[in-house]
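Okay, so here's the structure we're looking at.
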Amino acid sequence: MSKTCIAFIGAGNMAASLIGGLRAQGLEAAQIRASDPGADTRARISAEHGIDTFADNGQAIEGADVVVLAVKPQAMKAVCEALRPSLSPSQVVVSIAAGITCASMTQWLGDQPIVRCMPNTPALLRQGVSGLYATAQVTSEQRLQAEALLSAVGMALWLDEEQQLDAVTAVSGSGPAYFFLLIEAMTAAGEKLGLPRETAAKLTLQTALGAAHMAVASDVDAAELRRRVTSPAGTTEAAIKSFQANGFEALVEKALGAAAHRSAEMAEQLGK
Ligand SMILES: NC(=O)c1ccc[n+]([C@@H]2O[C@H](COP(=O)([O-])OP(=O)(O)OC[C@H]3O[C@@H](n4cnc5c(N)ncnc54)[C@H](OP(=O)(O)O)[C@@H]3O)[C@@H](O)[C@H]2O)c1
């Protein structure tokens, strides 16, 4: 990434986090530009990161090695079609737009190298995780550039098949909300068991954080960690048995299946 020039189309939340992450990793302001229709958005991102901004997308990508499409999925078709005449085949297009397939982008952009990514919201705190898929035209150097870009806001994992992005959407894309739901439910249950709401919330949050840290630091998988903290006939076992008797695993499988199905369905609708 030492000399890579990156142009962001759309300077909203995700672009701002990616730019912040890249700057924190030592990328020069001169290596980054952004375009956005909003004058306030441009002024904000320029003031915060010292980068050049443009109202015109075509101008922003002049001479860039990497073009990051960071607009809402609904805006992708118009943005791609308008960019098409300004793009050169040596520029890799990195899309973070949920649900827009490489086939749709190729139809709108022409035969560009494309990396399609699915980040998640914790990227805003540089704690995200992204799935990445590259089309055959993407060179190994461009793969490294895309990986470095997404790594600036968390972990980046390559996928062999584009379809797997539906599963990534189901697991990590939508995943933060599942943990929020569990946090909500545990807080409410703690309150019903007699704790003040604020205490129940703090206990739940710190437990979630501690458990995640333990799981990340551990050299054994989550199932083994769970076994280790579940003594026979103890309190944890009573709760786990209750979860499982009520079909917890099947419930999770069904929920993620619904998310993956919806992701594929949306890709079809948005690609028209
Ligand atoms: N936020 C997340 O956690 C997350 C997670 C995974 C994937 N994503 C994907 O990331 C993309 C961006 O999301 P976001 O949350 O950063 O959205 P956002 O904050 O709304 O940013 C999008 C920006 O693009 C601008 N824009 C609209 N039309 C444009 C055009 N024709 N040319 C250039 N810029 C244009 C918007 O301006 P206006 O507001 O004036 O329209 C806005 O400033 C989305 O496709 C989303 O699916 C986001």
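Rule-based calculations on the coordinates, nothing more; no lab input. Since we're looking at a predicted model, the values are computed, not measured. Methodologically, a virtual Cβ is constructed for each residue, glycine included, from the backbone with ideal geometry; neighbour enumeration extends over all protein chains shown.
Taking region 118-147 as the range and being in contact with a Leu (Cβ under 8 Å, 6 or more places away or on another chain), touching a residue at least 40 places away in the same chain (Cβ under 8 Å) and more than 10 Å from the ligand (Cβ to nearest atom) as the test, the residues that pass are Val129, Gly131, Ala146.
The C-beta contact set for region 17-33 (first residue in contact (Cβ under 8 Å) with a residue 40 or more places away in the chain, second residue in a helix (DSSP H, G or I), distance under 6 angstrom, 6+ apart or interchain) comprises Ser17/Ala123; Ser17/Leu124. Annotation for region 126-138: no member residue is farther than 22 Å from Ser35 by Cβ and part of a helix (DSSP H, G or I). When region 66-93 is limited to residues that are closer than 26 Å to Asp160 by Cβ and near the ligand (Cβ under 8 Å from one of its atoms), the one that is surrounded by the most Cβ atoms within 10 Å (Cβ to Cβ) turns out to be Leu69. Within region 15-60, the only residue that satisfies the criterion of being more than 10 Å from the ligand (Cβ to nearest atom), assigned to a helix (DSSP H, G or I) and among the hydroxyl-bearing types (Ser, Thr, Tyr) is Ser46.
Going through Ala123, Ala103, Ala98 one at a time, which residue ends up being closer than 18 Å to Pro176 by Cβ, of a type outside the set (Asp, Glu) and assigned to a helix (DSSP H, G or I)?
Values: Ala103 fails: closer than 18 Å to Pro176 by Cβ; Ala98 fails: assigned to a helix (DSSP H, G or I).
Answer to the selection: Ala123.
Take Ile96 and decide whether it is β-branched (Val, Ile, Thr), within 20 Å of the chain's Cα centre (by Cα) and within 10 Å of the ligand (Cβ to nearest atom). Write out each step before concluding.
Details: β-branched (Val, Ile, Thr): yes; within 20 Å of the chain's Cα centre (by Cα): yes; within 10 Å of the ligand (Cβ to nearest atom): yes.
Spelling it out, Ile96 is indeed β-branched (Val, Ile, Thr), within 20 Å of the chain's Cα centre (by Cα) and within 10 Å of the ligand (Cβ to nearest atom).
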